[in-house]
Every structure is written in structure tokens, then in C-alpha cells.
Amino acid sequence: MCIGNELRSDDGIGLVICRELTRSIRENIDNVRVIECPYGLELCTDIVIEFKPDTILIIDAISANLEPGSIVFTCSLDEISDYTTISTHTIPINVIINYIKSYVSELKRVCLLGIQVKNTNLGDKISLEVKKSGEIIVSLLLRAFQQ
């Protein structure tokens, strides 16, 4: 699940990653579904519930006082709640995850892959540091999906 807002520079990295994954994933990888959530995680729950995944990977821009472009990965629900995702969410992530779990008994793991932003100004392009991290993530995920 890729979250972001293209109008707020680095906050759009989740959507960029999503679109690149969608373009690159071969049709025969049927156990992976890439979901673009530009308007918030809570508006994509129906797609997830229908797919019934055993793992959800949330990709989003974060603010964690790290170096711009730093990548954070966790599968701990407590840690996911600790990170401040940049995208505007009207409902906290842990509430959304618990909602999905109530419908998807197959769900065993929820992970966050966050990229530290440098800039979230309206109308600016994605910073070089964040863009490079996005490219690394796409490359790693494509290799993982094809195994």
C-alpha cells in the first residue's frame, strides 16, 4: 500500500514507488498486489480486504528527524504508530490495521517502509535524496517479489 501526496514534494515518494512497481511487476506475480492510496490508507481498506493478504507493506514518507532519504523498516505495530507519516491520515494507522485484521484472518504481518523527507513544500519536486531512496526500494522490492 503506497501512500502520498504529489503536491507536497517528498510526500509523493510513496506514489512514485507504487507506479514504478506497477509498471515493472510481471503479470504472473499473482501473490502481490500494489495499491496506490493517494487519499489516505483508510480509503483503500476495501481493496485489501478483498485481496485477503497475509502481509501488508505500507510505503510512505515519514518525519523521524533522520537524514533526508533515510529508510526505516519495521513490522512492529507499536513502532509503526511511533513514526509520523507525512501523508494526511484522518484515522490513525493502528486503527486502520485493526479494522483490516477484523476482516482478514489471513493477515499475519503489517510492516512500514518509510522514507525520511527533506522537503514537503507545495509544488516542489521530490528531493534528490528521497528520490534515490525510492529507486533503491523499487529495485529491492522487485527482486524480492520475483523470488
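General observations
- Residues in segment 10-37 that are surrounded by 14 or more Cβ atoms within 10 Å (Cβ to Cβ) and at pLDDT below 90: 3 in all.
- Options Asp46, Asp124, Asp78, Asp54; residue that is touching a helix residue (DSSP H, G or I) at 6+ places or on another chain (Cβ under 7 Å) and of a type in the set (Asp, Glu): Asp124
- Identity of the residue in segment 88-103, of a type in the set (Val, Ile, Thr) and farther than 27 Å from Arg23 by Cβ, that ends up nearest to the chain's Cα centre (by Cα): Ile97
- Flag not set for Leu43, criterion: closer than 20 Å to Leu112 by Cβ, within 10 Å of the chain's Cα centre (by Cα) and not hydroxyl-bearing (Ser, Thr, Tyr).
- Pairs where the first residue, in segment 92-113, is among the basic types (Lys, Arg) and the second is crowded, with 16+ Cβ neighbours inside 10 Å, C-beta under 7 Å, 6+ apart: Lys101/Leu107
- For segment 104-119, a tally of residues being closer than 28 Å to Ile47 by Cα and touching a Ser or Thr at 6+ places or on another chain (Cβ under 8 Å) returns 10.
- The residues listed here are Ile136, Ile126, Ile115, Ile56; of these, the one that is among the hydrophobic types (A, V, I, L, M, F, W, C), part of a helix (DSSP H, G or I), closer than 22 Å to Thr22 by Cβ and at pLDDT 95 or above is Ile136.
- Among residues of segment 116-133 that are more than 24 Å from Thr74 (Cβ to Cβ) and among the charged types (D, E, K, R), those with a beta-carbon under 8 Å from a residue that is in a helix (DSSP H, G or I) and modelled with pLDDT under 95 at least six positions away or on a different chain give the pairs Asp124/Ser9; Lys125/Ser9.
- If you go through segment 38-47 and pick out every residue that is within 18 Å of Ile17 (Cα to Cα) and either part of a helix (DSSP H, G or I) or modelled with pLDDT of 95 or more (or both), you end up with 2.
The values are calculated or read from the model by the stated rules, or taken from the named source; none is laboratory data. No experiment lies behind these values; they were computed from the predicted model shown. Cβ sites come from the backbone with ideal geometry, for glycine too, and all protein chains shown count toward neighbours.
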